[in-house]
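The values are calculated or read from the model by the stated rules, or taken from the named source; none is laboratory data. Quick caveat: nothing in here was measured; it's all calculated off a predicted structure. With ideal geometry, Cβ positions are generated from the backbone for all residues, glycine too; neighbour counts draw on all protein chains shown.
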Amino acid sequence: MLKREMTLGIVVVVAVCLLAAAPAAVSPDDVSQLGKKLTPMGAIQAGTDSGTIPPWEGGIKAPIPGWKSGQHSPDPFPEDKPLYRVDSSNYEDYAQFLSAGQMAMFQRYPDSWYMDVYPSRRTVAYPEDIYAASVENASTASLTPDGNGVNNCRRTSPFPIPENGLHGIWNHMLRYRGESIQRTIGQVAPRPDGAYTMVRIEEQVLWRYNREGMTSANS
């Protein structure tokens, strides 16, 4: 058993090393789809045939009127109404869309737990230079030989057309989140009886890589 486990471990390590050493292989034709069939960030621009997900049309490009820095963001679509409600009487009809935990909530709290389902919206929007950086990164970015770093990218996710898991990991870590943030966070894990302990977190973060003017050379 030990021998088999060690052999499997060696195979996995070799496979990961080969994956990490593989260069980016996005073709010029694929890159040309960014901003066309794909959004500049790499998502499918079209909506679904069923209409449940709409096409991306640029998102919300300006703050909601009346919003001020430090406030919670207001609802940009206050006129939206629920399309339908999922509750203990019909949740099994939507089982393919629900997690095990969500279904457990319907079972444990059949009289009070429900989900109102609203129309989908695609509201994301980024600065124009972030779109430009994303398209550039698609042609230039590459993993370091050990997969623990990236080269030749700037300001946002390096692989808008990811080809493996490491690309996805680096896309998440280097995604554009603005240049800095100061926030207060409250976290709770309620117990079944409703009791909880509040954990308060104060954060001040500077994302140097995301800052305006950053290049692949000075990131």
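Checking Asn210, Asn218 one by one, the residue that is under 18 Å from the mean Cα position of the chain (by Cα) and farther than 17 Å from Thr39 by Cα is Asn210 and no other.
Yes or no, residue by residue, for (1) under 30 Å from Ile161 (Cβ atoms); (2) exposed (fewer than 12 other Cβ atoms within 10 Å of the Cβ); (3) small (Gly, Ala, Ser):
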site	(1), (2), (3)
Pro54	yes, no, no
Asp80	no, yes, no
Asp93	no, yes, no
Ser99	yes, yes, yes
Gln102	no, no, no
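Residues checked against (1) under 29 Å from Ala62 (Cα atoms); (2) buried (at least 17 other Cβ atoms within 10 Å of the Cβ); (3) in the same structural domain as Lys36 (by TED's automatic domain parsing); (4) out of contact with any Gly (no Cβ under 9 Å at 6 or more places or on another chain):
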site	(1), (2), (3), (4)
Pro74	yes, no, no, no
Asn90	no, no, no, yes
Gln107	no, no, no, yes
Ala133	yes, yes, yes, yes
Thr144	no, no, yes, yes
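Here's the yes/no breakdown for (1) modelled with pLDDT of 95 or more; (2) over 30 Å from Trp207 (Cα atoms); (3) among the polar types (S, T, N, Q); (4) in a loop (DSSP other than H, G, I, E, B):
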| position | (1), (2), (3), (4) |
| --- | --- |
| Arg85 | yes, yes, no, no |
| Gly101 | yes, yes, no, no |
| Arg155 | yes, no, no, yes |
| Arg177 | yes, no, no, yes |
| Ile181 | no, no, no, no |
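Taken across the stretch 115-123, residues that are at pLDDT 95 or above, closer than 29 Å to Pro162 by Cβ and surrounded by 16 or more Cβ atoms within 10 Å (Cβ to Cβ) do occur, with at least one present.
Which is part of a strand (DSSP E or B) and either under 30 Å from Gly51 (Cβ atoms) or touching a Cys at 6+ places or on another chain (Cβ under 8 Å) (or both), of Asp80, Asp93, Asp116? So that I can check it myself, show each step before the final result.
Working: Asp80 fails: part of a strand (DSSP E or B); Asp93 fails: part of a strand (DSSP E or B).
Matching residue, one of Asp80, Asp93, Asp116: Asp116.
Pairing each residue of the stretch 57-72 that is among the aromatic types (Phe, Trp, Tyr) with any residue that is at pLDDT below 90, provided the two are 6+ apart or on different chains, yields C-beta distances under 9 Å for Trp67/Ser73. Looking at the structure I just gave you, is Gly47 modelled with pLDDT of 90 or more, on the phi > 0 side of the Ramachandran plot and surrounded by 10 or more Cβ atoms within 10 Å (Cβ to Cβ)? For Gly47, the condition - modelled with pLDDT of 90 or more, on the phi > 0 side of the Ramachandran plot and surrounded by 10 or more Cβ atoms within 10 Å (Cβ to Cβ) - is not met.
Does Ala15 fit the bill of being in the same structural domain as Asp146 (by TED's automatic domain parsing) and either at pLDDT 95 or above or loosely packed, with under 14 Cβ neighbours inside 10 Å (or both)? Taking the combined requirement at face value, the residue satisfies it. Only one of the numbered conditions (1) within 30 Å of Ser88 (Cα to Cα); (2) of a type in the set (Val, Ile, Thr); (3) outside the structural domain of Ser32 (by TED's automatic domain parsing) is violated by Val188, and that is (3).
Residues of the stretch 146-167 that are surrounded by 13 or more Cβ atoms within 10 Å (Cβ to Cβ) and small (Gly, Ala, Ser): Gly147, Ser157.
Scan the stretch 166-199 for residues that are of a type outside the set (Gly, Ala, Ser) and in contact (Cβ under 8 Å) with a residue 24 or more places away in the chain and report the count.
Step one: list which residues in the stretch 166-199 are of a type outside the set (Gly, Ala, Ser), which gives 166-167, 169-177, 179, 181-185, 187-188, 190-193, 196-199.
Narrowing the set further to residues that are in contact (Cβ under 8 Å) with a residue 24 or more places away in the chain leaves 166-167, 170, 174, 176-177, 179, 181.
Number satisfying all stated conditions: 8.
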